[in-house]
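Working notes, structure below.
The values are calculated or read from the model by the stated rules, or taken from the named source; none is laboratory data. Worth saying up front: this structure is predicted, and the values here are computed from it rather than measured. Please note: Cβ atoms are built from the backbone with ideal geometry, for glycine as well, and neighbour counts cover all protein chains shown.
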């Protein structure tokens, strides 16, 4: 993987694009360190498979209801960038200033466990996780045309 991990909102990470298949990701990054499978969803349960790549500090999730295509990425890597700036360790104020010109929609702040806070931009499928006031992880996903229809950045084959 490159020397930087550029987070592309609604699109993916570097050349890893939302909508790719599990074999395509395996061709790009190799065998994952660990694979977790779990039930997700609200009323109708469906399976999600999360592939963790410890070496790159990223995780990739594939949803059964979306034909096992890549729908979500997360990173905690110190080389992760957004809008050309490294983001890990930044404060919430610094992140809010960085994303302000990106027109992400309304940001919502939620206090989670003891020292953990979540800043979500639901319209942009983007979550920032803070521990002790510093950014520790970014999660982002494909954008949606409506509740059931993803806007894949790659052609549907």
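Go through the range 122-145 and report how many residues are surrounded by fewer than 19 Cβ atoms within 10 Å (Cβ to Cβ), free of Cβ contacts under 8 Å to residues at least 40 places away in the same chain and part of a strand (DSSP E or B).
4
Consider residue 84 carefully, then state whether it is within 30 Å of residue 97 (Cβ to Cβ) and over 15 Å from the mean Cα position of the chain (by Cα).
Numbers: within 30 Å of residue 97 (Cβ to Cβ): yes; over 15 Å from the mean Cα position of the chain (by Cα): yes.
Here the answer is yes, as residue 84 does meet what is asked.
Out of the strands (runs of 3 or more DSSP E) lying entirely within the range 25-103, which hold 2 or more residues that are touching a helix residue (DSSP H, G or I) at 6+ places or on another chain (Cβ under 9 Å) and buried (at least 18 other Cβ atoms within 10 Å of the Cβ)?
46-53, 58-63, 69-75
Going by the structure shown, is residue 9 closer than 25 Å to residue 152 by Cβ, free of Cβ contacts under 8 Å to residues at least 24 places away in the same chain and within 17 Å of the chain's Cα centre (by Cα)?
no
Of 155, 101, which residue is out of contact with any strand residue (DSSP E or B) (no Cβ under 9 Å at 6 or more places or on another chain), modelled with pLDDT under 95 and closer than 22 Å to residue 28 by Cα?
On inspection, the qualifying residue turns out to be 155.
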